[in-house]
Amino acid sequence: LIGLSPAPLAVLRTVAIVLVMWTPVTVIDAGAWLSFGATFGIISLATRWAPAFGGNVSNGLAGTTIRLLVMAVAATLAAEALVLPISAAVFGRVSIAGVVLNLIAVPAMALIQIAGMLTVSLASLWPAAAAASGDLARVSADVLVGSSGLVEVLPWLSWRVPPPSGWWMA
């Protein structure tokens, strides 16, 4: 807000501390573990892994598109790497479907958010445009929710595992 650019890891750590101070039960909330684990994976690993996937790409629209896709794959793999042990410990199940699903879910969620904001902003000014953006939000939400059915179609993307040891989790 005042021109500062803090380190992402410092922001994540500060948010975790404030959240635990505000709601101490967060320390036993699997959703918080998954969220913070995924975010930590993206912050700490994605930028390191992206060059390994991207190689040398040209500039311009094609190069930018490739770099965005590479970062999306690297971020997804980094997040999955950190949530895999949490999923195994909490749910007794791991899945590699998230790698594919995030490539669908992240753009769908972005469209939902943008279309939702447009719908609200345009509702009184331009009802027809608001209706169109509302339709885009609904279709994107359908894609997002429907993408979770991938595991039903391809059940081998998810399997039961014994809970990992405390040592492995640490």
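The values are calculated or read from the model by the stated rules, or taken from the named source; none is laboratory data. This is a predicted model, so every value here is computed, not measured. Here Cβ is always computed from backbone atoms with ideal geometry, including for glycine, and neighbour counts include all displayed protein chains. These accessible areas exclude ligands, DNA and RNA; they are computed on the full protein's heavy atoms, side chains included. Shrake-Rupley method; radii C 1.70, N 1.55, O 1.52, S 1.80 Å.
Quick check on this structure: which one of ALA123, ALA105, ALA131 is surrounded by 15 or more Cβ atoms within 10 Å (Cβ to Cβ) and without any contact (Cβ under 8 Å) to a residue 60 or more places away in the chain? Step through it out loud before you land on a result.
On the way: ALA123 fails: surrounded by 15 or more Cβ atoms within 10 Å (Cβ to Cβ); ALA131 fails: surrounded by 15 or more Cβ atoms within 10 Å (Cβ to Cβ).
Only one candidate qualifies: ALA105.
Please indicate, with yes or no, whether at least one residue in segment 37-55 is in contact with a helix residue (DSSP H, G or I) (Cβ under 6 Å, 6 or more places away or on another chain), free of Cβ contacts under 8 Å to residues at least 24 places away in the same chain and either part of a helix (DSSP H, G or I) or over 24 Å from GLY149 (Cα atoms) (or both).
Checking segment 37-55: at least one residue is in contact with a helix residue (DSSP H, G or I) (Cβ under 6 Å, 6 or more places away or on another chain), free of Cβ contacts under 8 Å to residues at least 24 places away in the same chain and either part of a helix (DSSP H, G or I) or over 24 Å from GLY149 (Cα atoms) (or both).
Would you mind telling me which numbered condition in (1) polar (S, T, N, Q); (2) in a helix (DSSP H, G or I); (3) at pLDDT 85 or above SER124 fails?
Every condition holds for SER124 apart from (2).
Kindly check whether there is at least one residue in segment 22-34 that is buried (at least 18 other Cβ atoms within 10 Å of the Cβ) and farther than 19 Å from ILE104 by Cα.
Restricting attention to segment 22-34, the residues satisfying the condition of being buried (at least 18 other Cβ atoms within 10 Å of the Cβ) are 33.
Going one step further and asking which of them are farther than 19 Å from ILE104 by Cα, we end up with 33.
Yes - at least one qualifying residue is present in segment 22-34.
Just a yes or no: is a residue in segment 142-156 in a helix (DSSP H, G or I), without any contact (Cβ under 8 Å) to a residue 40 or more places away in the chain and more than 30 Å from PRO85 (Cβ to Cβ)?
Yes - at least one qualifying residue is present in segment 142-156.
Can you name the residue in segment 85-103 that is of a type in the set (Gly, Ala, Ser) and either touching a helix residue (DSSP H, G or I) at 6+ places or on another chain (Cβ under 9 Å) or in a helix (DSSP H, G or I) (or both) and, of all such residues, is nearest to ALA75 (Cα to Cα)? I'd like the intermediate steps shown before the answer.
As a first pass, look at segment 85-103 and keep what is of a type in the set (Gly, Ala, Ser): 87-89, 92, 95, 97-98.
Checking which are either touching a helix residue (DSSP H, G or I) at 6+ places or on another chain (Cβ under 9 Å) or in a helix (DSSP H, G or I) (or both) leaves us with 87-89, 95, 97-98.
Numbers: SER87: 18, ALA88: 20, ALA89: 22, SER95: 16, ALA97: 14, GLY98: 11 Å.
Here the answer is GLY98.
Can you name the residue in segment 134-170 that is of a type in the set (S, T, N, Q) and under 24 Å from the mean Cα position of the chain (by Cα) and is also most open to solvent (accessible area, probe 1.4 Å) among such residues? Reasoning before the result, please.
At the first step, the residues of segment 134-170 found to be of a type in the set (S, T, N, Q) are 140, 147-148, 158, 165.
Next, from what is left, pick out any that are under 24 Å from the mean Cα position of the chain (by Cα): 140, 147-148, 158.
Values: SER140: 7, SER147: 17, SER148: 75, SER158: 19 Å².
The residue in question is SER148.
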